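The values are calculated or read from the model by the stated rules, or taken from the named source; none is laboratory data. Just so it is clear, the model here is predicted, and its values are computed rather than measured. With ideal geometry, Cβ positions are generated from the backbone for all residues, glycine too; neighbour counts draw on all protein chains shown.
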Amino acid sequence: MLKGLPSLLSDPVEQQILFRLRIPLVLTALIVGSSLAVSAATLQVLLKNPLADPGIIGISSGASLSAALFLLTGIGTTNIGLTYGLPIACFVGALSSTLVIYVLSAKYNRLSGTGVILAGIAISTLAGAVIAWLYFFSDAQSLRNLTFWLMGSLHQADLSLSVVGFVISTLTLSLTVTKGKQLNWLYFGNRSAQLAGLDVTKFFKTQLLLCAVLVAVAVSLAGSIAFVGLLVPHLLRNLFGHDNRFILPASAIWGGVLMLFVIVVSDWFGGVAVPVSMLTATIGGPLFLYSLLKYASR
């Protein structure tokens with residue numbers, strides 16, 4: 001019945017392109033953009049710091065260190081290791097760094113925003129130092145793999161990993177974006193939030209864990225991608241206000257849209273694999289400046 005008709009699914013080559021390239025690419029872009037944007041939007045309110053970002057507070061640094069250990073020690077030398085082992089190592093690294101940040105901040109000042117940020121800076125600095133030392137003892141191919149991962153890529157995950165990541169991120173996002181009302185209470189301080197009926201300590205722990213899972217999924221699929229977490233929530237808040245009941249779901253949508261736009265821009269370069277962090281910084285920098293100038297002119 002389909003004979004003589006151009007059909008995407010009837011051509012084996014087109015099937016391979018669709019299921020091995022296009023679908024994983026789109027799913028990865030949506031997962032990474034929405035996860036990074038929502039986690040940053042949540043952390044900025046939770047830590048009472050507009051600069052809070054998964055990269056700044058050390059969650060991404062744990063993933064980077066795990067990737068460096070996996071690649072530069074020779075463990076991830078096979079295609080299977082790079083495809084499946086590296087994402088698992090990054091996921092574990094992101095969650096492990098969050099656990100360390102949680103313990104250190106609890107020791108410092110009972111899970112205060114300042115404690116989390118200072119602990120994150122310490123973890124980021126230490127992870128960067130270890131990665132720098134590992135560079136001295138690694139071969140050229142491992143160094144190239146690590147450099148490519150650190151600059152981010154949306155083409156790394158296959159379909160099975162993308163589907164697993166999509167399921168995990170969707171479940172986690174659904175738990176996170178519904179907490180906009182509780183995040184709004186934190187604008188008036190912890191005491192006011194407690195009077196409104198919020199268990200601040202439990203809420204802090206839960207949201208920090210959910211953000212860690214979102215970041216872990218994002219970096220395990222696409223590596224370290226900069227600027228998305230800072231750009232999207234700031235732009236939305238400057239344009240539409242600070243109601244997190246709107247900001248969180250809007251961040252999920254526009255974070256995904258931004259990464260899809262990055263795919264389109266990347267296709268303009270033909271067969272050249274342009275690092276995603278370079279594109280997000282190039283696209284996001286002017287938008288971020290526009291957002292700041294618009295806010296300052298009010």
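Tabulated data for the structure shown
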item: Single condition GLY128 does not satisfy, out of (1) of a type in the set (Gly, Ala, Ser); (2) assigned to a loop (DSSP other than H, G, I, E, B); (3) in contact (Cβ under 8 Å) with a residue 40 or more places away in the chain; (4) surrounded by fewer than 17 Cβ atoms within 10 Å (Cβ to Cβ); result: (2)
item: Index of the failed condition, LEU195 passing every other in (1) surrounded by fewer than 17 Cβ atoms within 10 Å (Cβ to Cβ); (2) touching a Ser or Thr at 6+ places or on another chain (Cβ under 6 Å); result: (2)
item: Counted residues, the range 132-153 - those being more than 20 Å from LEU221 (Cα to Cα) and under 22 Å from the mean Cα position of the chain (by Cα); result: 0
item: Matching residues, the range 240-276, being within 21 Å of ASP53 (Cα to Cα), at pLDDT below 85 and either of a type outside the set (A, V, I, L, M) or exposed (fewer than 15 other Cβ atoms within 10 Å of the Cβ) (or both); result: PRO275
item: Residue satisfying all of: in the range 165-176; among the hydroxyl-bearing types (Ser, Thr, Tyr) and touching a residue at least 40 places away in the same chain (Cβ under 8 Å); nearest to LYS48 (Cα to Cα) among these; result: THR176
item: Test: residue in the range 177-199 that is in a loop (DSSP other than H, G, I, E, B), over 18 Å from the mean Cα position of the chain (by Cα) and in contact (Cβ under 8 Å) with a residue 40 or more places away in the chain; result: yes
item: Residues (of a type outside the set (Gly, Ala, Ser), assigned to a helix (DSSP H, G or I) and touching a residue at least 12 places away in the same chain (Cβ under 8 Å)) located in the range 238-252; result: ASN238, LEU239, ASN244, ARG245, PHE246, ILE247, LEU248, PRO249
item: Selected residue [aromatic (Phe, Trp, Tyr), in a loop (DSSP other than H, G, I, E, B) and over 16 Å from the mean Cα position of the chain (by Cα)] from PHE261, PHE269; result: PHE269
item: So LYS205, is it in a helix (DSSP H, G or I), charged (D, E, K, R), touching a helix residue (DSSP H, G or I) at 6+ places or on another chain (Cβ under 8 Å) and crowded, with 17+ Cβ neighbours inside 10 Å; result: no
item: Residues being of a type in the set (Gly, Ala, Ser) and assigned to a helix (DSSP H, G or I) - total across the range 147-173; result: 4
item: Candidate set: the range 131-146, residues that are modelled with pLDDT under 80 and part of a helix (DSSP H, G or I); chosen: the one surrounded by the fewest Cβ atoms within 10 Å (Cβ to Cβ); result: ALA140
item: Selection within the range 167-197 - at pLDDT below 90 and of a type in the set (A, V, I, L, M, F, W, C); result: PHE188, ALA193, LEU195, ALA196
item: Qualifying position, being farther than 29 Å from LEU27 by Cβ and either surrounded by 14 or more Cβ atoms within 10 Å (Cβ to Cβ) or of a type in the set (D, E, K, R) (or both), among GLY115, GLY152, GLY180, GLY165; result: GLY115
